[in-house]
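Here's the structure, in structure tokens; my notes come after.
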Protein chains: 2
Amino acid sequence: MDEFPESLNVLMDHFRRLPTIGKKTAQRLALHVVKDPDEARAFAEALVAVTEHVHRCRECGNITEDELCSICRSPKRDRAIITVVEDVSNLMAIERGGSYYGLYHVLNGLLSPMADRGPEEIGLDDLLARVERSKASDTPVEEVILAISATVEGETTMLFLADQLKGMGVKVSRIASGIPVGGSLEYYDELTLARAMAERRTLEE
Amino acid sequence: MDEFPESLNVLMDHFRRLPTIGKKTAQRLALHVVKDPDEARAFAEALVAVTEHVHRCRECGNITEDELCSICRSPKRDRAIITVVEDVSNLMAIERGGSYYGLYHVLNGLLSPMADRGPEEIGLDDLLARVERSKASDTPVEEVILAISATVEGETTMLFLADQLKGMGVKVSRIASGIPVGGSLEYYDELTLARAMAERRTLEE
């Protein structure tokens, strides 16, 4: 074909900008959309609705249609613990585990000097201010759990955060590094195994 | 999280309806959209624009923003040959090959009694009418090439179509079955190899 219809080209570009969507998939998705105009219009409305209704919880950065997210609003949550995550998807994953009842703080990614992401950009200042505010309330924060990726940027962010929280009278902990559940030891690298050894938990004493 | 914001659920459902997009990817894409409202709005506009501008070429079923697609409109195409394909994406793939200069006819899928898809639903009647009309014109159709998948439904469709075109004074041909370019013989099944043997081409005589 000498050229694609221009509006289809534009739509394919938008699909391509999505994570994990390459050129071939973008074409497949765009052609699929052409076949069902009613669904395409409903899809467009859903996109607009999200831009109009969804935003970040003003307390913790989770996504919500309200001022405060369902977690921050819930009387059942343990307000003495805040778990810090780097992305909303991580909050959702921990929630699906079903065994955590504290609050969260969602950062805007991790510290990265190369990407011009400093403490303020990722929301660290908001977290510290929030911990400080809680001291004067009925439910002061007692523990901050860092549930952040064990990558170079993640570990840097955690070290920085732990340092900033020093002297604020809260316990700072970090999720364990070790072998995933169901994983056979032979599949993991030496560094992961070394960490798993170092962070071992006593069974009998 | 007790529940996702409702508008985000709705958006995830729309992503999930797309081919090859599963639950996890749908969540990832929806969360990505939340982060960039300007892009989300532009994406929505692109979807609506496609529904308003793109439709099927009235002659061949290709997609176009005009009455006739760029191929049917082009004076450079060889109007004596029509290649029948089952989907627009196949037309695009053949065009990218760059060595075909005839016209196309895009069906709405293949014959499938189980899915209630008969000759009329998939556009076979339109094709036959088009071939008939061409007889009275300056550029009668001389050959119909069937570029259709070598699957059960595809072969059924091709047999039916070849039968319908009998007696219309056109040559009916079918794209070759054989081993793909670059493929080592050991990777292919016996049926493909048997076809490749049967459809062999003479090098020297």
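Any read-out appearing in this document is the output of simple, stated calculations on the displayed coordinates, not a laboratory observation. Owing to the predicted nature of the structure, the values given are computational and were not obtained by experimental measurement. Glycine also receives a Cβ, built like all others from the backbone with ideal geometry; neighbour counts cover every protein chain displayed.
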* Asked: What is the residue of chain B with the smallest Cβ distance to the axis taking B onto A, and what is that distance in whole Å?
  -> B:44, 2
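Which order do A:171, A:76 fall in if you start with the one that has the fewest other Cβ atoms within 10 Å?
Details: A:171 12, A:76 7.
With the sparsest Cβ surroundings first, the list reads A:76, A:171.
Taking R0 as 25 Å, what FRET efficiency do you get between residue B:185 and residue B:150 from their Cβ-Cβ distance, rounded to the nearest 0.05?
Numbers: r = 18 Å, r/R0 = 0.70.
About 0.90, to the nearest 0.05.
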* Using modelled amide H (1.01 Å from N, peptide plane; none on Pro or chain starts), what sits under 5 Å from the amide H of residue A:173, excluding residues fewer than 5 places away? -> A:144, A:145, A:146
* Asked: Under the definition of Cα pairs under 8 Å and six or more residues apart, what whole-number percent is the relative contact order of the range A:130-205?
  -> 26 percent
* Asked: Check residue B:105: other-chain or 5+ apart residues with amide H under 5 Å from its amide H, H built from backbone geometry?
  -> B:83, B:84, B:85
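Grab the DSSP H runs of the protein assembly as shown that are 4 residues or longer, score each as -39,500 (n - 2.57), total them, divide by all residues and round the 222 nm result to the nearest 500 deg cm²/dmol.
That comes out to -13500 deg cm²/dmol.
Rounded, prolate or oblate: pick one for the range A:138-182, where a ≥ b ≥ c are the square roots of the eigenvalues of its C-alpha gyration tensor, a/c under 1.5 means rounded, and failing that, prolate if a/b is larger than b/c, else oblate.
In terms of gyration-tensor shape, oblate.
With r as the distance between the Cβ atoms of residue A:89 and residue B:171 and R0 = 60 Å, compute the FRET efficiency 1/(1 + (r/R0)^6) and round to 0.05. Walk me through the intermediate numbers first.
Numbers: r = 57 Å, r/R0 = 0.95.
Result of the calculation: an efficiency of 0.55.
Among DSSP beta bridges whose residues both lie in chain A, state the antiparallel percentage, nearest 5. Could the numbers behind the result be given before it?
Working: 3 of 16 bridges.
Beta bridges within chain A, antiparallel portion: roughly 20 percent.
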* Asked: Placing a label point 7 Å from Cα toward Cβ, how far apart in nm is residue A:6 from its equivalents in the other copies, listed shortest first to one decimal?
  -> 3.9
* How far is residue B:168 from the same spot in each other copy, in nm, shortest first, if each label point sits 7 Å from Cα toward Cβ? -> 7.5
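Under the definition of partner shielding as Cβ atoms of other protein chains within 10 Å of a residue Cβ, what is the mean value for peptide B:50-62?
On the way: counts 13, 11, 4, 4, 12, 3, 2, 0, 0, 0, 0, 0, 2.
Mean shielding by partner chains, rounded to a whole number: 4.
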* Structure fact -> Out of B:50, B:33, B:172, a Gaussian network model of chain B with alpha-carbon springs under 10 Å gives the largest mean-square fluctuation to B:33
* To do: Please state the charge dipole magnitude for the range B:162-205, taken about the Cα centre, from unit charges on C-beta atoms (+1 on K and R, -1 on D and E), reported in debye and rounded to the nearest 20.
  => 320 debye
* Structure fact -> Note to self: C-alpha centroids of the range B:27-55 and the range A:27-74 sit apart, in Å, by 10 Å
* If you average the sequence gap of Cα pairs under 8 Å that are 6 or more apart and divide by the length of chain A, what percent do you get for the contact order? -> 13 percent
* To do: Would you please give the FRET efficiency between residue A:136 and residue A:74, computed as 1/(1 + (r/R0)^6) with r the Cβ-Cβ distance and R0 = 30 Å, to the nearest 0.05?
  => 0.90
